[in-house]
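Participant: Here it is: the structure, laid out below.
The values are calculated or read from the model by the stated rules, or taken from the named source; none is laboratory data. This is a predicted model, so every value here is computed, not measured. Using ideal geometry, Cβ is built from the backbone for each residue, glycine included, and neighbour counts are taken over all protein chains shown. Side chains are part of the model used for accessible areas, which takes the heavy atoms of the whole protein and leaves out ligands, DNA and RNA. Shrake-Rupley method; radii C 1.70, N 1.55, O 1.52, S 1.80 Å.
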Amino acid sequence: MSSESRRTTSRTPAVIGIDVATASVRVLCVDEQGNVLAEARADLPPPVRTPAGTSEQDARSWWPAVRSALRRTTSALPRGGREVVAVAVSATSGTIVPTGRDGEPLGPALMYDDRRAAATNAEADRLGRVRWGLLGVSVGPTAALGRAVWCARTYGSALSHVLHTPEFIGRQLTGHPVATDWSHALKSGYDARAGEWAHEVFDALDFPLGVFPSVGAPGTGVGVV
């Protein structure tokens with residue numbers, strides 16, 4: 001774990017960005033001119049990858065790392081973080097985690113490069129060929145869409161939500177479930193052109209769309225920290 005921060009005497013409003021990458025979390029605080037006021041990093045455990053194509057990470061490690069980096073960032077500000085007026089969360093696209101009703105992971109996060117659902121993704125690509133053609137995309141072997149279906153089949157009635165990393169962190173920050181944005185949801189089968197999930201594909205795969213979060217535009221407010 002490492003950190004780097006710069007103190008400032010500015011009292012202008014500031015915003016914080018939280019980036020949850022594969023190897024580490026980075027928290028960056030900037031003012032309205034884009035000047036970096038403080039920053040910190042925290043390491044994450046490396047994903048566990050197998051020759052069979054699975055790739056997993058302990059999702060329970062995300063929030064402690066975010067919390068640590070966030071506290072060290074805000075403590076470097078002159079008023080202990082009271083300058084901060086907004087927080088945004090971004091993460092590696094395509095990583096998902098199955099959670100129960102309490103918001104806690106039912107198992108490890110399935111990483112962006114996990115190939116366990118390659119056959120399901122191939123079927124999803126066939127089922128939604130017209131829709132994907134209009135979008136100019138295809139469903140590849142590592143798409144989160146197939147892994148979401150895998151989660152539903154694996155965890156059954158215990159599954160409450162399939163979340164992308166930002167919604168998982170967002171719930172910790174706000175204390176309640178939050179929406180995703182169509183950028184993070186794209187690999188999970190969201191059609192940003194039509195403003196909807198690819199319902200005909202998910203219906204054919206017997207996937208309950210209610211386990212996905214609601215979807216909004218990037219930058220939409222979802223709660224108060």
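Participant: If you roll a 1.4 Å probe over region 1-130 with all protein chains in place, what percent of the accessible area is carbon or sulfur?
Facilitator: Within region 1-130, the accessible surface is 51 percent carbon and sulfur.
Participant: In nm, to one decimal, how far is the S93 label point from the T220 one, both placed 7 Å along Cα→Cβ?
Facilitator: The two pseudo-label positions are separated by 1.8 nm.
Participant: Taking all protein chains together and a probe of 1.4 Å, list Y112, Y190, Y155 from the most accessible to the least accessible.
Facilitator: Y112, Y155, Y190
Participant: Counting DSSP beta bridges with both partners in the chain, what percentage is antiparallel, nearest 5? Kindly include the intermediate steps, with their values, before the conclusion.
Facilitator: Values: 27 of 36 bridges.
Beta bridges within the chain, antiparallel portion: roughly 75 percent.
Participant: Moving on. Run the 1.4 Å probe and let me know the accessible area of S75, rounded to the nearest 10 Å².
Facilitator: 70
Participant: Another question, if that's okay. Please identify every one of the trypsin sites (Lys or Arg not before Pro) in region 159-225 that sits in a loop by DSSP and has no more than 12 other beta carbons within 10 Å of its own beta carbon.
Facilitator: Answer by residue number: R193.
Participant: OK, next. Using protein chains only and a probe of 1.4 angstrom, how many square angstrom of D113 are accessible, to the nearest 10?
Facilitator: Ignoring ligands and nucleic acids, D113 comes out at about 40 Å².
Participant: Shifting gears a bit: Return the distance in nm (one decimal) between the two label points of a simple spin-label model at E200 and A122, each offset 7 Å from Cα along Cα→Cβ.
Facilitator: Result: 2.2 nm between the two label points.
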